[in-house]
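A.B. asks: One structure, pasted below without further comment.
The values are calculated or read from the model by the stated rules, or taken from the named source; none is laboratory data. As the structure is a prediction and not an experimental result, all values here were calculated from the model. FYI the Cβ positions are ideal-geometry reconstructions off the backbone, even for glycines, and counts take in every protein chain you see. Quick note on the areas: whole protein, heavy atoms, side chains included, nothing else; ligands and nucleic acids left out. Shrake-Rupley method; radii C 1.70, N 1.55, O 1.52, S 1.80 Å.
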Amino acid sequence: MSETNSQKEWRTAITSNQDGKILIRGYNLDNLIGNKSYAEVCFLLLKGEMPTPNEAKMLDAIFVSSIDAGIATPSAVAARTVFSGGNSLNAAVAAGILTLGDAHGGAIEKAAGMFQDYLKGKENLSDAGIEEMAKNIVDDAIKNKKRLAGYGHKLHTVDPRTKRLLDVAGDLNFGGNYVKLAAAIADEFRLKKPEQKLPLNVDGCIAAIISDMGFDYRLGKGFFIIARSCGLVGQVFEEWMREKPFRRLAPHLHEYDGVPERG
Ligand SMILES: CC(C)(COP(=O)(O)OP(=O)(O)OC[C@H]1O[C@@H](n2cnc3c(N)ncnc32)[C@H](O)[C@@H]1OP(=O)(O)O)[C@@H](O)C(=O)NCCC(=O)NCCS
């Protein structure tokens, strides 16, 4: 694009950096430093306005819930493996972030998209209407063998982070219709597919809460990336400090099951 009508090719409404002053959404960064928390400034940057105290606490709780989940997660394994191959901290953390897809962290985007699709414009739906909606969603998932993002877990039948986050959301007044729909879907799964154990997982829970906070579903993965980046930096730094390079899978963890030697 040419520079006609003062429209430059690269434009932003997030941060201005001119004449020695950095303004984030119009607030001088000098004044944010030391006065506002990281979660508050994340909210400001992503939403354009300063959060209320409850919004700031909720976003902080979401970040804490997703900060790390141990060495066995796909992101930690990938990050540590890439570092072990002789790469830098930034390459290793980036590799961990690249694993965040529909089954790991990325489910926030899909789940929030689903909740927002169903409830946009129906924020005043009654509790009975929400239960009916949940019933239809689960019936459709079972009939058409759909995997609903935000439900199920490899380890937990009740995800402890979900319970705590829902309690915090209730205390801070973010238990609106999105959270109610998310919980009603889990109840329906419990009723219709008790053998499969499909609890609302932490991704689904965050998806519902950010929807109640008015965030666009397309930011879903972003919340997880912001939180888990810290966990991955920790995982990679520990790999660096404790382990020798070039990790290999131990023999009991892998096998060859292709054709035997051929003449
Ligand atoms: C998290 C997840 C990968 C765990 O998978 P798992 O416990 O290994 O479960 P499986 O893939 O073996 O599936 C077991 C059965 O439950 C069903 N199932 C699993 N998750 C489901 C979901 N979210 N919605 C509907 N059905 C689901 C499977 O279709 C399968 O049914 P079948 O036995 O009739 O074929 C899986 O539940 C999932 O894909 N969830 C959606 C993505 C998500 O929310 N990820 C975030 C995780 S924190």
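A.B. asks: For the range 107-215, with every protein chain kept in place, what is the accessible area per residue (1.4 Å probe, Å²)? Spell out each step's value before the answer.
C.D. replies: Values: 5680 Å² over 109 residues.
For the range 107-215, the solvent-accessible area averages 52 Å² per residue.
A.B. asks: Each label point is 7 Å from the Cα along the Cα-to-Cβ direction; what then is the distance between the points at D167 and T15, in nm?
C.D. replies: Result for the modelled spin labels: 3.7 nm.
A.B. asks: Percent relative contact order of the chain, based on C-alpha pairs within less than 8 angstrom and at least six residues apart?
C.D. replies: Value for the chain: 25 percent.
A.B. asks: Distance between Cα centroids, the range 145-196 to the range 112-134: provide it in whole Å.
C.D. replies: 15
A.B. asks: Moving on. Of the residues N136, N35, N173, which exhibits the maximal mean-square fluctuation in a Gaussian network model of the chain defined by a 10 Å Cα contact cut-off?
C.D. replies: Maximum fluctuation in the GNM of the chain, among the listed residues, is at N35.
A.B. asks: Okay, next question. Helices from the chain with mean Kyte-Doolittle at least -1.0 and a Cα length along the axis of 27 Å or more, per DSSP H: which?
C.D. replies: In the chain, the long hydrophobic H runs are 220-242.
A.B. asks: In what sequence, highest mean first, do 164-170, 106-112, 201-207, 227-233 appear when ranked by Cβ atoms within 10 angstrom?
C.D. replies: 201-207, 106-112, 227-233, 164-170
A.B. asks: 5 Å is the cut-off here: which amide hydrogens, built 1.01 Å from N in the peptide plane, fall below it relative to Y151, excluding neighbours closer than 5 in sequence?
C.D. replies: N201
A.B. asks: What distance in nm separates the two pseudo spin-label positions at T52 and R190, each 7 Å out from Cα along the beta-carbon direction?
C.D. replies: Result: 2.9 nm between the two label points.
A.B. asks: Translational D (Stokes-Einstein, µm²/s) of the range 107-215 at 25 °C and 0.890 mPa s when Rh comes from the Kirkwood sum over C-alpha pairs?
C.D. replies: Once the numbers are plugged in, D ends up at 180 µm²/s.
A.B. asks: Could you work out the relative contact order of the range 125-200? I mean the mean sequence separation of Cα pairs under 8 Å and 6+ apart, divided by the number of residues, in percent. Each step should come with its number before you reach the end.
C.D. replies: Working: 56 pairs, mean separation 35.9, N = 76.
Relative CO of the range 125-200 lands at 47 percent.
A.B. asks: Rounded to a whole number, what % of the accessible area of the range 7-65 do carbon and sulfur atoms account for, probe 1.4 Å?
C.D. replies: Heavy-atom surface of the range 7-65 belonging to carbon and sulfur, 1.4 Å probe: 51 percent.
A.B. asks: Across the chain, what fraction of all alpha-carbon pairs, as a whole percent, falls in each successive 10 Å bin from zero upward?
C.D. replies: Going out from 0 Å in 10 Å bins, the chain shows 6, 24, 27, 23, 13, 5, 1, 0 percent.
A.B. asks: Counting only protein heavy atoms and a 1.4 Å probe, tell me what percentage of the range 107-215's accessible area is made up of carbon and sulfur.
C.D. replies: 51
A.B. asks: Calculate the spin-label point distance for A250 paired with A91, positioning each point 7 Å from the Cα along the beta-carbon direction, and give it in nanometres.
C.D. replies: Calculated label separation equals 2.8 nm.
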